[in-house]
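A.B. asks: Pasting in a structure now, in structure tokens, and then I'll have a few things to ask.
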Amino acid sequence: MSADIVSVTRGASPLVLSMPHPGTGLPAEIATQLNARGQLVEDTDWHMRQLYGFAERFQPTIIEAQLSRFVIDLNRDPAGVSLYPGQATTELVPTTTFDGAPIWQAAPDEAEIARRREAYFQPYHDALAAEIAHAKAQHGFCLLWDCHSIKSVIPRLFPGTLPTLNLGTNSGQSAALAVEAAAAQAMAGSAFTQVVNGRFKGGWITRHYGQPAEHVHALQMEIALSAYLTDEAAPWTFAPGKAASLQATLSAMIDAALAAATQLERSKP
């Protein structure tokens, strides 16, 4: 496992924070194939590690991607199957920005996509699977919190303005209902606009790893960038004052989900 592809910080609790899209790294041979727009790596989930700095109190394990999602999207089905049939989305290896602007001088072919899947996709998921297994071995269960953010206005992907907080559990399939309900109740106590299983129900990570019957409860949290950046455009600056109330809400949600998962798992025979 190469440290320039994925970093792992192992914690002592059953909480695993997955961060598949904060990376901005571009291998040299890929950077030269991107056009000027692509080299901006604008669809990054900016400042995830800083945003989730509050989570240290939970002693989580953190798996963080170092490469840009333009190299390969770690939250897409590796077989290339669309997560949202009939709706606009981006591919395993994106060909455009979220707004639909081309990002390559020449789009990668199938052989190149296969190479990237092996070289860049697999190490992240090997690390994530290993840490989920470790949490289960230590605690009997894992709470997987998949961390994401996105611009609040992207007409190609959704109408109007996205709610600030978008909690996804693949329509209740990736986490026990009690765990989802606890997180949703904590979210409801905030002043942020919010939705559960709305436009973003959870990507491939949530759907693939979330197996409540196997003691893995996975929730995706998609956050509007406007909630913690000074502006949703370059240079994508973190705004600590603005982020503070968001961090308090996220902390309450994780706390509630962990408590619910712990109670549920301890009650099982």
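A.B. asks: Which one of the conditions (1) modelled with pLDDT of 95 or more; (2) loosely packed, with under 15 Cβ neighbours inside 10 Å; (3) among the basic types (Lys, Arg) does Arg156 fail to meet, given that it meets all the rest?
C.D. replies: (1)
A.B. asks: Among what's in segment 107-144 and is open to solvent by less than 70 Å² (accessible area, probe 1.4 Å), outside any helix (DSSP H, G or I) and closer than 19 Å to Gly80 by Cβ, pick the residue that is modelled with the highest pLDDT.
C.D. replies: Pro108
A.B. asks: Continuing with this model, one more query. So if I check each of Asp146, Asp126, which one is among the acidic types (Asp, Glu) and either over 23 Å from Ser18 (Cα atoms) or touching a Ser or Thr at 6+ places or on another chain (Cβ under 7 Å) (or both)?
C.D. replies: Asp146
A.B. asks: Name the pairs: first residue in segment 48-68 and under 17 Å from Ile205 (Cβ atoms) and of a type outside the set (Lys, Arg), second residue at pLDDT below 95 and surrounded by fewer than 24 Cβ atoms within 10 Å (Cβ to Cβ), Cβ to Cβ under 6 Å, at least 6 apart or on different chains?
C.D. replies: Qualifying pairs under 6 Å: Gln66/Asp4.
A.B. asks: Would you confirm, using the coordinates I've provided, whether Leu83 is within 21 Å of the chain's Cα centre (by Cα), among the aliphatic types (A, V, I, L, M), surrounded by 14 or more Cβ atoms within 10 Å (Cβ to Cβ) and modelled with pLDDT under 95? Steps first, answer last, please.
C.D. replies: Working: within 21 Å of the chain's Cα centre (by Cα): yes; among the aliphatic types (A, V, I, L, M): yes; surrounded by 14 or more Cβ atoms within 10 Å (Cβ to Cβ): yes; modelled with pLDDT under 95: yes.
Yes.
A.B. asks: Can I ask one more? Test each condition in (1) in contact with a strand residue (DSSP E or B) (Cβ under 7 Å, 6 or more places away or on another chain); (2) open to solvent by 10 Å² or more (accessible area, probe 1.4 Å) for Ala65 and report the one that comes out false.
C.D. replies: All conditions are met except number (2).
A.B. asks: What pairs come up if the first residue lies in segment 178-192 and is under 16 Å from Gly168 (Cβ atoms), the second is modelled with pLDDT of 95 or more and part of a loop (DSSP other than H, G, I, E, B), and their beta carbons are under 7 Å apart, counting only those six or more places apart or on different chains?
C.D. replies: Every condition considered, the pairs that remain are Glu180/Thr169; Glu180/Gly172; Phe192/Thr164.
A.B. asks: Being touching a strand residue (DSSP E or B) at 6+ places or on another chain (Cβ under 9 Å) and modelled with pLDDT under 95 is the requirement here; does Arg207 meet it?
C.D. replies: Working: touching a strand residue (DSSP E or B) at 6+ places or on another chain (Cβ under 9 Å): yes; modelled with pLDDT under 95: no.
Against the criterion (touching a strand residue (DSSP E or B) at 6+ places or on another chain (Cβ under 9 Å) and modelled with pLDDT under 95), Arg207 does not qualify.
A.B. asks: Now a separate question. Here is a list of conditions, (1) within 30 Å of Ala233 (Cβ to Cβ); (2) open to solvent by less than 40 Å² (accessible area, probe 1.4 Å); (3) more than 13 Å from the chain's Cα centre (by Cα), and Gln194 meets all of them except one; can you say which number that is?
C.D. replies: (2)
A.B. asks: Okay, next question. What number of residues within segment 178-202 are within 17 Å of Gln247 (Cα to Cα), assigned to a helix (DSSP H, G or I) and of a type outside the set (A, V, I, L, M, F, W, C)?
C.D. replies: Result for segment 178-202: 1.
The values are calculated or read from the model by the stated rules, or taken from the named source; none is laboratory data. These figures come from a predicted structure and were not determined experimentally. Every residue, glycine as well, gets a Cβ built from its backbone with ideal geometry; the counts of neighbours run over all protein chains shown. Surface accessibility is based on the protein's heavy atoms, side chains included, excluding ligands, DNA and RNA. Shrake-Rupley method; radii C 1.70, N 1.55, O 1.52, S 1.80 Å.
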